Amino acid sequence: MSKPDPQRGALVQKAVNDSPYYRHIRMALTEFTETGSKLEMEVKPEHKNLWGTMHGGALASIIDSACGLATVGVLLETEAVVTLQLQVNYFAPVTQGKLTAYGKVVHRGRTTIATEAEVFDDAGALVAKGGTVHYIKARTL
């Protein structure tokens, strides 16, 4: 079994930050380690719901992304992942500022990877927390 490629981090960061979805929702991968990720997103009007707070789907997106990107450091060159399950807990409404999400790998098995992420506002308050289970599959691209 070959080991994960440590240089993949820089390539992943560039690919993520250049992708249309991440640019569209203004989310960026700012740090990447073998077992974790850090993403940031500035709260903009297009992220808000009818009540002027950040839509839960936008918070779920940064959690799913932080978790999914955390898996890259423990994947082999021939592997990829897809999200099987996403669980989110919301703790406080967000109306403005910058959000920071930290994702980490909790466990890597033979066919799945469990992760978790925490999201903080720019005052350092925990606003959401969640986790994912990812299925490990053969890379096709």
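The values are calculated or read from the model by the stated rules, or taken from the named source; none is laboratory data. Note that this is a predicted model, so its numbers are computed, not measured. Glycine gets a Cβ as well: all are built from the backbone with ideal geometry, and neighbour counts include every protein chain shown.
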ask   = Any residue at all in segment 36-48 that is under 25 Å from Ala10 (Cα atoms), assigned to a loop (DSSP other than H, G, I, E, B) and out of contact with any Asp or Glu (no Cβ under 6 Å at 6 or more places or on another chain)?
value = no
Options Thr30, Thr112, Thr53; residue that is touching a Leu at 6+ places or on another chain (Cβ under 9 Å), among the polar types (S, T, N, Q) and over 23 Å from Leu141 (Cα atoms) = Thr30
ask   = Among the residues of segment 15-35, how many are modelled with pLDDT of 85 or more, outside any strand (DSSP E or B) and either acidic (Asp, Glu) or closer than 17 Å to Glu77 by Cβ (or both)?
value = 2
Residue under evaluation Leu76, criteria (1) assigned to a loop (DSSP other than H, G, I, E, B); (2) surrounded by fewer than 13 Cβ atoms within 10 Å (Cβ to Cβ), criterion not met = (2)
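Gly68 - would you say it is under 24 Å from Gln13 (Cα atoms), over 10 Å from the mean Cα position of the chain (by Cα) and assigned to a helix (DSSP H, G or I)?
Judged against the criteria, Gly68 is not a match.
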query = How do the pairs read when you match residues in segment 10-25 that are in contact (Cβ under 8 Å) with a residue 40 or more places away in the chain and surrounded by 12 or more Cβ atoms within 10 Å (Cβ to Cβ) with residues anywhere that are not in a helix (DSSP H, G or I) and not aliphatic (A, V, I, L, M), using Cβ under 7 Å and keeping only pairs 6 or more apart or on different chains?
reply = Val12/Phe32
